[in-house]
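Just below is one structure, and these are the notes that go with it.
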């Protein structure tokens, strides 16, 4: 099966890059959609990271013509400091995360991400990781399962679903997506599907995927760390696909921007955001300062949504490092 993932908000990502030279980190390389266009339109060098080994294989095939300007790394983007240190790189000019699950991962039923196909209940983005979704479903206490469904899926029916999972697994192990779907469906009124457009398993599968891959905790820890690796005028670009991710990005970017007082910034920077040595001749530029370039997230519009319906929920936020 061919690894496909149509890049979302591609033009917008390219428009926010600070230059056409320097080092670009694609922390979620996938099949290389964003990176391929960047390599075609710039002279940047790329560090391409993905924890999915199948994605690395696909990207090497798709980007082979640019082999002299890209290095492939099979790892989680959370290990960026170690990755850059191993390559003796101190600063980079741009970092991109596209947090969406790829079309390949969704459509490849063997990976167990989709509730629309019967498959092993896996959901590991890194297939060498120890804990699969099935192990979570079969081993977590009822209270923990309910918390995951509520916190990560915003599922109001979380307690009943968790209770039914625990009752079922006492009789037999839950190993497939269809088994889980049937349990979830049985936890809702019979007329649920007729009243609501969303499938009753949607939020549970989202929450379970997040827990399996520790996605939100990794994202929280990554943002301030990644920001420190940006060179002056560097950009951190993050595309998220649901409200929990977007909220983390929004708050983390805001916190970085507000870390230093407005008075301090006013002393050091002119109204255009450039360093103003005259206004503060004794200022020490030992601290990092940041500016959020997207006060509201950038979203896909009509034509892109028509061509790629999965782009409908994409939100891009961009942080700029001033010094």
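Just so you know, all these numbers are worked out from the coordinates, no wet-lab data involved. Computed from a prediction, not measured in an experiment: that's the story for all the values here. Please note: Cβ atoms are built from the backbone with ideal geometry, for glycine as well, and neighbour counts cover all protein chains shown.
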Inset, instruction - Return one number: the angle in degrees, 0 to 90 and rounded to the nearest 10, between the long axis of the Cα atoms of helix 215-228 and the longest principal axis of the Cα atoms of the chain. - result: 10
Inset, instruction - Multiply the residue gap between residue 172 and residue 151 by 0.36 nm, knock off their C-alpha separation, and tell me the result in nm, one decimal place. - result: 4.9 nm
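Calculate for the chain the 222 nm mean residue ellipticity that helices alone would give, adding -39,500 (n - 2.57) per DSSP H run of length 4 or more and normalising by residue count, nearest 500 deg cm²/dmol. Numbers along the way, then the final one.
Working: 15 runs with 138 residues, N = 323.
Result for the chain, helices only: -12000 deg cm²/dmol.
With a Förster radius of 30 Å, plug the Cβ-Cβ distance of residue 259 and residue 85 into 1/(1 + (r/R0)^6) and report the FRET value to the nearest 0.05.
On the way: r = 24 Å, r/R0 = 0.81.
So the FRET efficiency works out to roughly 0.80.
Given 0.36 nm per residue, what is the gain on full extension from residue 14 to residue 251 after removing their alpha carbon distance, in nm?
Values: separation 237, 0.36 × 237 = 85.32 nm, distance 2.35 nm.
Roughly 83.0 nm would be gained on extension.
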Inset, instruction - Specify whether the C-alpha gyration tensor of region 1-123 places it in the rounded, prolate or oblate class, a ≥ b ≥ c being the square roots of the eigenvalues: rounded for a/c under 1.5, otherwise prolate if a/b is larger than b/c and oblate if not. - result: prolate
Inset, instruction - Please report 113, 229 as a ranked list, fewest other C-beta atoms within 10 angstrom at the top and most at the bottom. - result: 229, 113
Inset, instruction - Looking at the chain, send over the antiparallel percent of its DSSP beta bridges, to the nearest 5. - result: 40
Legend entry - Span per principal axis, largest first, for the Cα atoms of region 109-213 (Å): 40, 26, 26
Legend entry - Alpha-carbon Debye profile of the chain, log10 I(q)/I(0) at 0.06, 0.07, 0.11, 0.12 Å⁻¹: -0.24, -0.32, -0.75, -0.87
Inset, instruction - Note the angle between two axes, namely the Cα long axis of helix 177-186 and the longest principal axis of the Cα atoms of the chain, as a number of degrees from 0 to 90, rounded to the nearest 10. - result: 70
Legend entry - Ordering of 83-93, 249-259, 313-323 by burial proxy (mean other Cβ atoms within 10 Å per residue, highest first): 313-323, 249-259, 83-93
Inset, instruction - Tell me the label-point distance for the pair residue 288, residue 192, using the 7 Å Cα-to-Cβ offset, in nm and rounded to one decimal. - result: 4.3
Inset, instruction - Starting from the Cα gyration tensor of region 40-193, take the square roots of the eigenvalues, sort them a ≥ b ≥ c, and report rounded, prolate or oblate (rounded when a/c is under 1.5, otherwise prolate if a/b is larger than b/c, else oblate). - result: prolate
Inset, instruction - Mind jotting down the distance between the C-alpha centroids of region 83-98 and region 174-213, whole Å? - result: 38
